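Here is the structure we will look at, set down as structure tokens.
No value in this document is a laboratory result; all are computed from the given coordinates. Bear in mind that the values here come from a model prediction, so they are computed numbers and not experimental data. For neighbour counting, all protein chains shown are included, and Cβ atoms are generated from backbone atoms with ideal geometry for every residue, glycine included.
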Amino acid sequence: MEMKGYQAGISDFTGSDSIVFGISADKLEDNKKFAADLELDFALLSDVDATVINQYGGTMEQYAGLAKRVTYVVGKDGKAAMRWTRRAR
């Protein structure tokens, strides 16, 4: 699972000018439980209406706009400098 991987490597970002967080289309309560279950030290934000997810091209139109599992490195200017999309199983 990607989130566990980011949590395991969180120390790589310590002391850098970086912020690690996740964005999910799930409800805030669901994200809180998920983050607690995985013992995440970084924020998991809720974007229920997919405003931010859509801005970064993170939805699958063929599945009624469900969010993809995508990882981005975003620069200070707000532009995606790197994108990694998890393949569907």
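Observations, loosely collected:
- Hits among lysines - C-alpha to C-alpha of residue 4 under 16 Å, sequence gap 8 or more where chains match: 32, 33
- Summed residue charge, Cβ within 14 Å of residue 48's Cβ, Lys/Arg positive, Asp/Glu negative: -3
- Protection-proxy order for peptides 28-36, 10-18, each taking the mean of Cβ atoms within 10 Å per residue, highest first: 28-36, 10-18
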